[in-house]
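Below is one structure, written out as structure tokens; comments come after it.
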Amino acid sequence: MSSDTRERLLDAAETLYAARGVDAVSLREILQEAGARNATAVQYHFGDRAGILRAILDRHAPDVEARRHALLDAYEDGARGVRPLAAALVRPMAARLADASGRAYLQIWADMVNRPDPLVPVAVLDDPRDSLRRWRTLVEPLLEEDAARLHRRFTAILYASIELARRARSGPRTDDRLFTSYLIDVVAAILGAPVSPETRRLAAERDAVRR
């Protein structure tokens, strides 16, 4: 029964966070959506909002991580170039478009990432086994030095997250394979685009002011 309550709370949190955004939903509303009678059920199972978000990530992470690590293994075994790495970023997340819970997760993930101070748990960023960390390491040698310094990898992650969330909001679609391939093309272009002389100059001016 306790595990049933936990799953109902997670389902409710996914639904509400995806529809209204993480910041606009109270713990009380999650309780009401889940039909939980115990007013302390959220605190008991998750502690706080951060605990709920970690649980939502944990619900989807095994599939996303396994898919991305498999694609990164293939890259290291010989599938070289920027596009295979763009695919390794996009495809594991795009696979979540196939079901309602996955679509909610994509919207929540984009909300967590697309803010001045991302809500992604520090433990995820610091874990050497994390597939995104591995992806970032493999992408870096392919970037121009200035592109890496200007956080081109995060730009690719952010763009992919926002586009996948936008797609998820539109509900089930029959052409997700086309969408995914096109998104991979665009992410590859972001990663491989040259840094213009103007951007180099402006970045140098900014860095000089910071010193």
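Quick look at the numbers
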{"read-out": "Subset of segment 14-54 that is among the hydrophobic types (A, V, I, L, M, F, W, C) and surrounded by fewer than 17 Cβ atoms within 10 Å (Cβ to Cβ) - its residue that is nearest to Val113 (Cα to Cα)", "value": "Ala50"}
{"read-out": "For Tyr44: the one exception among (1) over 19 Å from the mean Cα position of the chain (by Cα); (2) in a helix (DSSP H, G or I); (3) over 18 Å from Ser2 (Cβ atoms)", "value": "(3)"}
{"read-out": "Complete set of residues in segment 164-181 that are surrounded by 13 or more Cβ atoms within 10 Å (Cβ to Cβ) and of a type outside the set (D, E, K, R)", "value": "Leu164, Ala165, Ala168, Phe179, Thr180, Ser181"}
{"read-out": "Filter result for the condition that a residue is surrounded by 13 or more Cβ atoms within 10 Å (Cβ to Cβ), within 15 Å of the chain's Cα centre (by Cα) and either of a type in the set (Ser, Thr, Tyr) or in a helix (DSSP H, G or I) (or both), over Val64, Val139, Val120", "value": "Val64"}
{"read-out": "Residues of segment 12-44 classified as touching a residue at least 40 places away in the same chain (Cβ under 8 Å) and closer than 15 Å to Ala55 by Cβ, total", "value": "6"}
{"read-out": "Checklist (1) touching a Pro at 6+ places or on another chain (Cβ under 6 Å); (2) over 18 Å from Val113 (Cα atoms) applied to Ala87, failing item", "value": "(1)"}
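Here, each number is a calculation from the coordinates, and none is a lab measurement. None of the values given here were measured: they were computed from a predicted structure. Positions of Cβ are generated from backbone atoms using ideal geometry, with glycine treated the same way; all protein chains shown enter the neighbour counts.
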